[in-house]
Amino acid sequence: MSEVELHRCLEAILMVVDEPVSEVVLAQIIEAPTEEISAALRTLADRYEQEQRGFELRQVSGGWRYYSHPEMAPLVEKFVLDGQQARLTQAALETLAVIAYRQPISRARVSAIRGVNVEAVMKTLVNRGLVEETGIEGESGAVFYKTTSFFLEKLGLNSISDLPALAPFLPNVDGLDEILSTLTD
Amino acid sequence: MSEVELHRCLEAILMVVDEPVSEVVLAQIIEAPTEEISAALRTLADRYEQEQRGFELRQVSGGWRYYSHPEMAPLVEKFVLDGQQARLTQAALETLAVIAYRQPISRARVSAIRGVNVEAVMKTLVNRGLVEETGIEGESGAVFYKTTSFFLEKLGLNSISDLPALAPFLPNVDGLDEILSTLTD
Amino acid sequence: MKYLERMSQENSSTAPVVPPSITDGRVAGFSLHLSNFDGPFDLLLQLISRHKMDITEVALGAVTDEFISYIKQLENADQGWDLDKTTEFLVVAATLLDLKAAKLLPSGEIDDEADLALLEARDLLFARLLQYRAFKEIAAIFSERIEREEKSFARLVALDPHFAQLLPEVLIGVGSQRFAAIANRVLTPKTTPAFSIDHLHLPLVSVAEQASKVVEQLRRAGVASFRALIADAETTLVVVARFLALLELYREGVVRFEQMVSWGELQITWTGTASGEVRVSDEFDLPPQTIDEADNV
């Protein structure tokens, strides 16, 4: 299949989907190797950007979908008025960060890491569909929490593994010891 | 506004609207003369055709909308027939849940509860036979929706009263409506 | 913090911990008054950055003094702090003080167990602070991403009728229980509604009354854990009242507290007489107005 032809197929299918479509599904339907589909999607997305299209093609929460271009947001908002949710507070963002990197995690552990009681904030995150319960630990009866696919979508992530690595933000253990040994008053 | 800029605006809006949008409305939003909008839409549509895109921009019942290209219909049909599309999306499930537990309910109400525009999703649910119109409210002229017997069948229930009870901590219907009325338009 | 009504509204912890300034109690939500910080780690980080110091080479003396001075302002502020919040700050403050006092073991020599414990406390505090800082930085990234994301709108349009009629029969894909769970989540109000609680008349619990129950139990057992003493408490209010009663009894010198580790079991030993009346102040049972008036005298 020529590149033009492949792009055409992808554009046609993506125009009718109402949720992200995975590369695997596209490969099945178009009957082409997944790697080829994958490369074609990336090329297509890059071209749209170069051509300064008003829309973009992006891979979010495991699949590809058309979006309006972020720079056009003020214009599009005139059409899509509802759907604007209140901004997350700093406390909610920090709690979300802890859950995202340490999931599944109990509320008590989140509290311990943040150094404050997180009960109200956790409730907000659950209500807003960013976090959900994922089971109860046998012994303690503690409820565990994890992030939802809506969270991925909200952050424009493809999967949890696409989160920036935490390591660079945390000094490594050797470093920590060294740093601590230099601490003086 | 340059031609590129104008095309960008049109592409952004048209990519996310569900209903065809008229040239007059587009002219208002973009703040450009209707004739200019009209000409730009035609140019854009011609370009897509020349570029052999998988989609096309078409004027239908007084407005413009993106569609997959007619030549790609067999592929799109194959995609639609594929089992992937049989399953309801998360957005559709959530909307269905709201309707099931709060019926009869207007679309505006569902939007208010879900915090997003549910127009497209509602249409999907109606098309899938899970939800149907159930009359129009006298004053506002708002259409009300309810779940169908097909919905009950799909969920394996005899009647709506067989739906599992909601969590006790949820405000009862009266209380909830009061809260919602402060949130709705 | 003096009246049960107020305490009951706050998220009282059942953990037996040091209450905020019992002498005054008029401590405040000073996080709003002083600076916009959220918890002790946040305050500590802010202090460190205000002094333009890297957390890794922090001059503990200055930061500790300032941290403690914030805590001290608790006493001058107007409203109550809840138990949880105060403890969080006290734990960090205590650790900082320890570290400052010991000059952070300059030689690195560990002479006795106290030094070792101090070293551990220091490492733990800084490890936790570094971890908190990492998540705070990640939170900023989240915020940027969300902001960017909110500017793009997904194409979410219904299928053309022509294609829609080809669709295979729909699958809801979840059972009725899961369906109800989705409804629960979606139908829970997004904004936390401000409910008036004026109409809620919580039954008042008398501290004096609870004290007599506690005394009776302790006289019988001699020693009891706090957990045991509140085992039959029906409401959080009763737990709070019993805790206050114990503090009153401590002031009267008839009980002794023992807690081996922080957050550990609190053991209460009866040291008073085997019989006879034990006086417990009715300070906690007075209605708010009375206390205000009393304070003004």
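The values are calculated or read from the model by the stated rules, or taken from the named source; none is laboratory data. Only a predicted model underlies this, so the values are computations on that prediction, with no experimental measurement involved. Please note: Cβ atoms are built from the backbone with ideal geometry, for glycine as well, and neighbour counts cover all protein chains shown.
Hey, can you tell me all the residues within the range A:149-160 that are in a helix (DSSP H, G or I) and either of a type in the set (A, V, I, L, M, F, W, C) or at pLDDT 90 or above (or both)?
Step one: list which residues in the range A:149-160 are in a helix (DSSP H, G or I), which gives A:149-155, A:160.
Correct list: A:Phe150, A:Phe151, A:Leu152, A:Leu155, A:Ile160.
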Checking A:Trp64 against (1) without any contact (Cβ under 8 Å) to a residue 12 or more places away in the chain; (2) more than 10 Å from chain B (Cβ to nearest Cβ); (3) in contact with a helix residue (DSSP H, G or I) (Cβ under 9 Å, 6 or more places away or on another chain), the condition it does not meet:
(1)
Filter the range A:26-43 down to the residues that are under 26 Å from B:Val121 (Cβ atoms) and touching a residue at least 12 places away in the same chain (Cβ under 8 Å) and list them by number.
A:Leu26, A:Ile29, A:Leu41
Residue in the range A:16-27 that is in contact with a helix residue (DSSP H, G or I) (Cβ under 8 Å, 6 or more places away or on another chain), outside the structural domain of A:Ser159 (by TED's automatic domain parsing), in a helix (DSSP H, G or I) and within 24 Å of B:Arg65 (Cα to Cα) present
yes
Where a residue in the range C:213-226 is on the phi > 0 side of the Ramachandran plot and its partner, wherever it lies, is part of a strand (DSSP E or B), with Cβ under 8 Å and at least six apart:
C:Gly222/C:Thr269; C:Gly222/C:Trp270
Scanning the range B:44-95 for residues that are in a strand (DSSP E or B), crowded, with 18+ Cβ neighbours inside 10 Å and of a type in the set (Gly, Ala, Ser) gives B:Ser68
Given the conditions (1) more than 9 Å from chain A (Cβ to nearest Cβ); (2) surrounded by fewer than 17 Cβ atoms within 10 Å (Cβ to Cβ), report the number of the one that B:Val98 does not fulfil.
(2)
Restricting to the range A:101-147, name every residue that is at positive phi and either in a helix (DSSP H, G or I) or facing chain C (nearest Cβ under 8 Å) (or both).
A:Gly115, A:Gly129
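Scan the range B:115-166 residue by residue and report those that are among the charged types (D, E, K, R) and farther than 23 Å from B:Val17 by Cα.
Restricting attention to the range B:115-166, the residues satisfying the condition of being among the charged types (D, E, K, R) are B:119, B:123, B:128, B:132-133, B:137, B:139, B:146, B:153-154, B:162.
Matches in the range B:115-166: B:Glu137, B:Glu139, B:Lys146, B:Glu153, B:Lys154, B:Asp162.
Take the residues of the range C:153-185 that are in contact with a strand residue (DSSP E or B) (Cβ under 7 Å, 6 or more places away or on another chain) and either at negative phi or in contact (Cβ under 8 Å) with a residue 24 or more places away in the chain (or both): which is surrounded by the most Cβ atoms within 10 Å (Cβ to Cβ)? Full working, then the answer.
Just the residues of the range C:153-185 that are in contact with a strand residue (DSSP E or B) (Cβ under 7 Å, 6 or more places away or on another chain), to begin with: C:153-155, C:160, C:171, C:173.
Narrowing further to those that are either at negative phi or in contact (Cβ under 8 Å) with a residue 24 or more places away in the chain (or both): C:153-155, C:160, C:171.
Numbers: C:Phe153: 25, C:Ala154: 22, C:Arg155: 22, C:Asp160: 17, C:Leu171: 13.
Selected residue: C:Phe153.
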Among the residues of the range A:1-23, what is the count of those that are of a type in the set (Val, Ile, Thr) and at the interface with another protein chain (Cβ under 7 Å from one of its Cβ atoms)?
3
